[in-house]
1. Considering only residues that are farther than 20 Å from Cys15 by Cβ, assigned to a loop (DSSP other than H, G, I, E, B) and in contact with a helix residue (DSSP H, G or I) (Cβ under 8 Å, 6 or more places away or on another chain), which ones fall in segment 66-85?
2. Any residue in segment 35-49 that is in a helix (DSSP H, G or I) and of a type in the set (Asp, Glu)?
3. Just to be sure, is Val51 β-branched (Val, Ile, Thr) and either within 13 Å of Asp20 (Cβ to Cβ) or in contact with a strand residue (DSSP E or B) (Cβ under 6 Å, 6 or more places away or on another chain) (or both)?
4. Collect the residues in segment 50-65 that are assigned to a loop (DSSP other than H, G, I, E, B) and either without any contact (Cβ under 8 Å) to a residue 12 or more places away in the chain or of a type in the set (A, V, I, L, M) (or both), keeping them in residue-number order.
5. Would you call Leu55 in contact with a helix residue (DSSP H, G or I) (Cβ under 7 Å, 6 or more places away or on another chain) and surrounded by 11 or more Cβ atoms within 10 Å (Cβ to Cβ)?
6. Filtering segment 46-63 down to residues that are of a type in the set (A, V, I, L, M) and closer than 23 Å to Cys15 by Cα, which residue is farthest from the chain's Cα centre (by Cα)?
7. How many residues does segment 13-32 contain that are within 13 Å of the chain's Cα centre (by Cα) and assigned to a helix (DSSP H, G or I)?
Amino acid sequence: GLLVTLAEMAFAGHCGINADIASLGDDRLAALFNEELGAVIQVRAADREAVESVLAQHGLADCVHYVGQAVSGDRFVIADVQRLG
């Protein structure tokens, strides 16, 4: 699921993660642990529009969720900002 994928990315990149799962739908907990097909990609902020454009050209715009960013250090934070707010 998403939780394990983000953890593996953090371990491999020797970094932390700061993620907000508010955009993942009504059952956010399920989204963290599901085994459905998907992908997580890391994109530099400067390349975000170009990546969005390519995904839209392939009909994937509705599948895109921005969940967070890699950060220096070893903190692994998963938050639901809408529910905290």
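1. Asp80
2. Pass one, segment 35-49, residues in a helix (DSSP H, G or I): 45-49.
Now narrow it down to the ones that are of a type in the set (Asp, Glu): 47, 49.
The answer is yes, given that some residue of segment 35-49 is in a helix (DSSP H, G or I) and of a type in the set (Asp, Glu).
3. Details: β-branched (Val, Ile, Thr): yes; either within 13 Å of Asp20 (Cβ to Cβ) or in contact with a strand residue (DSSP E or B) (Cβ under 6 Å, 6 or more places away or on another chain) (or both): no.
No; evaluated as a whole, the condition is false for this residue.
4. His58, Gly59, Leu60, Val64
5. The answer is yes for Leu55.
6. Filtering segment 46-63 for residues that are of a type in the set (A, V, I, L, M) and closer than 23 Å to Cys15 by Cα, the one farthest from the chain's Cα centre (by Cα) comes out as Ala46.
7. Within segment 13-32, residues that are within 13 Å of the chain's Cα centre (by Cα) and assigned to a helix (DSSP H, G or I) number 6.
Coordinate-derived values only; no laboratory data. Everything numeric here is computed off the predicted structure, so don't read it as measured data. Neighbour counts are summed over all protein chains in view; Cβ atoms, including those assigned to glycine, are modelled from backbone coordinates with ideal geometry.
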